[in-house]
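For reference, the structure is listed below as structure tokens.
Please treat every number below as a calculation from the coordinates, not as lab data. In this text, all values refer to a predicted model and were calculated from it rather than measured experimentally. As a convention, Cβ positions derive from the backbone with ideal geometry for all residues, glycine included, and neighbour counts pool all protein chains shown.
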């Protein structure tokens with residue numbers, strides 16, 4: 001069965017299927033693939049009711065838009081009114097928001113059906129989805145492998161064809177890297193393109209909600225529905241939402257594609273050819289080697305800044321108003337704080353809170369936080385210089401295809417390094433996306449990343465659509 | 001303990017700087033749309049943003065920024081075209097986010113200053129360090145059962161923190177500073193400056209040094225002084241404590257202390273070593289606050305003439321004494337009342353002085369007696385001017401004027417009509433006065449005899465008799481004149 005939005009839309013439009021049967025099918029598929037552990041909460045009753053409404057509206061000729069009646073899964077760090085939002089943390093195990101995130105209310109208005117809440121790394125901190133209090137998500141292509149993280153559940157449910165679309169959040173690669181490892185399309189928009197209101201904050205200056213889909217047009221369509229200014233988020237820019245979903249494959253337009261030297265040095269031959277083979281085969285593409293000289297600082301910069309922001313963002317989980325509260329008889333305030341946070345948070349979250357608190361401490365601020373801000377400026381400048389020469393940049397999304405569960409859990413640094421190609425664009429606030437490349441020897445997909453200048457999602461989607469077509473041609477040959 | 005005037009101490013000099021937190025008078029909170037009503041039911045004025053729910057974001061209240069700019073302009077600060085909000089991190093149950101959103105190294109306003117002046121305070125300029133904006137925390141109340149309750153109604157309320165340079169040298173100067181600052185806050189309508197409701201709070205930094213020494217002594221910070229009186233008491237206490245420690249050869253530790261209003265002592269709260277590491281960093285949820293020159297000019301256009309400028313003007317324009325000018329300008333509403341009256345009087349200094357006397361005397365007395373706000377004075381200024389006109393034109397006596405004032409306070413009406421209707425018009429007809437005097441003199445031959453024999457004190461007796469006979473309406477000047485003439489037989 002197809003999992004492409006365009007085909008499902010066509011089936012709905014010409015009466016071949018209904019939203020109700022789409023939702024029923026998705027519920028059944030989720031049930032059959034429950035071993036993936038991709039969902040934390042299902043929204044079956046509400047989703048079926050919404051599907052019924054969508055079908056009734058459609059019967060009356062009232063179609064709200066391209067997402068009308070389409071089930072969409074939501075990462076469990078995005079608030080859904082009346083539907084448990086745990087951030088995959090023990091701390092918020094029973095937290096039910098009284099409000100929708102802006103992206104969720106926009107989806108509801110566009111007629112989309114909130115299908116369920118997907119598993120992820122706790123508070124979006126992780127690159128393998130192994131940091132969830134609800135257990136790891138498995139990669140649908142190989143159940144021994146991780147789906148990537150932190151939006152592993154959202155990537156897996158699209159890859160497993162349970163739903164056609166899902167939302168994730170990307171702080172340092174948390175949409176793009178799992179999209180790569182699961183072989184789907186995942187987009188991190190320009191910072192400020194999509195409202196963060198209702199997205200539970202991790203690294204506020206980096207966090208963006210982004211779409212997953214099985215193809216470029218599907219992801220573009222979902223982005224169109226959620227993007228645009230929001231009075232509830234001051235960092236959400238007053239930029240018009242464009243018709244990205246109308247992107248077509250046009251090989252007649254010449255395009256200059258930059259290949260950052262720092263991203264290709266030291267790649268294995270397999271990795272290198274996964275990137276270069278499709279690019280070199282494309283018509284109208286001029287490949288230009290560019291340099292992003294401060295790339296080496298990106299991982300350290302990212303883990304200082306994101307952790308610093310996280311240390312403040314997670315201070316509200318204190319056990320006083322909601323969430324876990326651990327209180328031994330006679331315990332004082334400090335004991336309640338310590339016990340609640342010790343039991344409520346998992347080890348990776350604690351590690352990052354400690355790291356961030358340290359980086360902001362008196363006497364260390366200049367050496368860590370302030371220095372990281374300088375490095376971030378330098379990284380931003382690298383991209384400005386590169387985009388003076390080229391239209392888009394291309395790279396692998398991650399240095400490897402999906403790795404086995406448990407293979408990196410005891411080595412946080414090696415885990416952090418799996419974000420090496422995604423983190424720089426996050427620091428610079430650039431739009432970036434991952435789309436599936438060729439399969440490796442084990443049949444696992446490589447992820448190809450496309451980066452564009454600020455607010456140039458149009459250029460990014462245009463090139464991604466061409467690259468997607470090229471990969472499809474080559475995959476046809478490969479099989 | 002001693003409360004002698006520190007400025008007269010030959011050996012020691014006190015140095016005081018104040019940090020005032022004033023609640024900015026907005027209808028809603030600084031970062032969300034929640035209303036602000038003092039005394040509302042606990043936690044009834046809250047939303048996901050100000051109660052720190054996951055995923056919520058702050059959005060700045062533009063009105064609060066404009067008001068903070070207005071305050072900055074009023075005290076001559078530099079308004080920065082870009083200022084940065086920062087997170088001030090600390091854990092407390094009434095701080096729902098675990099951080100306060102404040103401004104740290106790039107505040108909205110820096111510099112400026114205000115004049116202070118008072119009974120024991122010579123006119124002096126106090127420099128300002130900075131004004132920055134921040135949100136308030138909630139309120140904790142600690143029960144006796146070991147549990148505490150948190151009310152988040154205040155959480156997120158807009159505050160401005162106004163920091164002075166260490167330019168004050170006595171508790172009297174500090175209190176005068178607070179009064180001036182409060183007056184500016186009220187004139188500009190930036191804050192209602194209400195201490196009881198916590199919308200005007202003050203912390204002080206105090207140090208003492210040998211007179212003539214440039215280098216500042218070690219300071220202590222004093223918190224929890226929630227009335228003008230407590231500020232005076234606390235500063236006096238703390239200065240003397242410093243002097244006592246220093247004179248005993250001791251060392252002042254850089255502590256933060258709390259004023260215990262009951263025991264009248266400052267008590268140790270925390271040492272410098274225990275000071276929080278607030279881990280300030282720029283608030284990533286808010287863009288840098290940008291203020292255009294146009295916006296500053298728009299705000300400047302709304303700035304009223306302030307108390308000090310008005311007071312100087314009254315002294316020049318109306319030749320009013322500094323004391324009168326100070327009283328009349330303390331509240332903007334009172335100054336406006338006075339100015340409306342002065343305009344009716346054409347600004348003539350003698351007449352304006354009697355207006356000032358009436359306002360400082362009877363008007364403010366009745367306001368005080370009836371706990372009336374100046375804005376609620378029932379007697380319109382033009383009526384008070386008409387009343388003064390009736391006295392000046394000899395239509396009524398000063399005594400009747402008090403009755404007329406009370407009548408007009410109770411019910412509005414034309415003063416002349418009231419005076420006529422109630423038969424309060426002063427008798428200035430010498431024939432009528434002479435007639436009464438003759439009767440009185442005829443009725444008291446022995447007193448007349450004694451007066452003429454040299455007992456001139458008896459004149460008062462005759463004045464009293466005549467006025468009583470005339471039910472207080474005799475023109476006192478004429479009664480006096482005619483009595484002298486008739487008693488002394490010179491007519």
Listed with the fewest Cβ neighbours within 10 Å leading, A:289, A:122 appear as A:289, A:122
So how much slack lies between residue A:241 and residue A:14, counting 0.36 nm per residue of separation and subtracting their Cα-Cα distance, in nm? 78.9 nm
Ordering of B:46-56, B:89-99 by burial proxy (mean other Cβ atoms within 10 Å per residue, highest first): B:46-56, B:89-99
To check my understanding: the extent here is largest minus smallest coordinate of the Cα atoms along each principal axis. What are those three numbers for segment B:430-487, in Å, largest first? 29, 19, 17
What FRET efficiency comes out for residue B:456 versus residue B:119 if R0 is 45 angstrom and r is the Cβ-Cβ distance? Round to the nearest 0.05. 0.65
With label points built 7 Å along Cα→Cβ from the Cα atoms of residue B:62 and residue B:372, find their separation and express it in nm. 4.0 nm
If you bin every alpha carbon distance in segment A:265-334 into 5 Å steps from zero, what whole percent lands in each bin? 3, 10, 10, 12, 10, 9, 8, 7, 7, 7, 7, 5, 3, 2, 0
Rounded to the nearest 0.05, FRET efficiency between residue B:7 and residue A:354 (Cβ-Cβ, R0 56 Å) equals 0.60
How much of the pair distance distribution for the protein assembly as shown lies past 37 Å, counting alpha-carbon pairs only, in percent? 60 percent
Taking Cα atoms of segment A:50-169, Rg/Rh with Kirkwood Rh, to two decimals? 1.02
Whole-percent tail of the Cα-Cα distance distribution for chain A, cut at 36 Å, equals 24 percent
Taking N as the number of residues in chain B, the ratio of its alpha carbon radius of gyration to 2.2 N^0.38 Å works out to 1.31
Order these by the 10 Å Cβ neighbour count, fewest first: A:265, B:165, B:197. A:265, B:197, B:165
Any idea what angle helix B:171-187 forms with the longest principal axis of chain B, computed on alpha-carbon atoms, 0 to 90 degrees, nearest 10? 90 degrees
Within segment B:80-104, whose backbone N sits under 20 Å from a point 7 Å along Cα→Cβ of residue B:216? B:103-104
Expected unfolding gain across residue A:60-residue A:264 under the 0.36 nm per residue rule, minus the alpha-carbon gap, is 68.0 nm
With Kirkwood's inverse mean 1/r over C-alpha pairs for Rh, give me the Rg to Rh ratio of segment A:5-246, two decimals please. 0.94
Could you work out the relative contact order of chain B? I mean the mean sequence separation of Cα pairs under 8 Å and 6+ apart, divided by the number of residues, in percent. 14 percent
10 Å-binned pair-distance histogram of segment B:6-298 (Cα, whole percent): 6, 26, 34, 24, 9, 1, 0
Quick check for you: which residues of segment B:182-196 have the amide N under 15 Å from the point 7 Å beyond the Cα of residue B:226 toward its beta carbon? B:194-196
Can you show me the helix-derived [θ] at 222 nm for chain A, built from DSSP H runs with n ≥ 4 at -39,500 (n - 2.57) apiece and divided by the number of residues, rounded to the nearest 500. -11500 deg cm²/dmol
Quick one: helix B:476-487 against the long Cα principal axis of chain B, what's the angle to the nearest 10°, folded into 0 to 90? 30 degrees
Can you tell me how much longer the chain between residue B:127 and residue B:428 gets when fully stretched, taken as 0.36 nm per residue apart minus their C-alpha distance, in nm with one decimal? 102.5 nm
Pairwise over distinct Cα atoms, reciprocal of the mean inverse distance: report the Kirkwood radius of segment A:1-116 in Å, one decimal place. 14.7 Å
Virtual spin-label span in nm between residue B:37 and residue A:252, 7 Å along Cα→Cβ: 6.7 nm
Could you tell me the calculated FRET efficiency between residue A:333 and residue A:109, based on Cβ-Cβ distance and R0 = 51 angstrom, to the nearest 0.05? 0.75
Kirkwood hydrodynamic radius, computed over distinct alpha-carbon pairs, for segment A:401-479: how many Å, to one decimal? 14.4 Å
Could you work out how far apart the two model spin labels at residue A:371 and residue B:253 are, taking each label as a point 7 Å from the Cα in the direction of the beta carbon, and quote it in nm? 3.5 nm
With contacts defined as alpha carbon pairs under 8 Å and 6 or more residues apart, what's the relative contact order of segment A:5-246 in percent? 18 percent
Using Cα-Cα distances under 8 Å and only pairs 6 or more residues apart, what relative contact order does segment B:307-421 have, in percent? 20 percent
When the convex hull of the C-alpha atoms of segment B:307-421 is computed, what volume per residue in Å³ does it have? 92 Å³
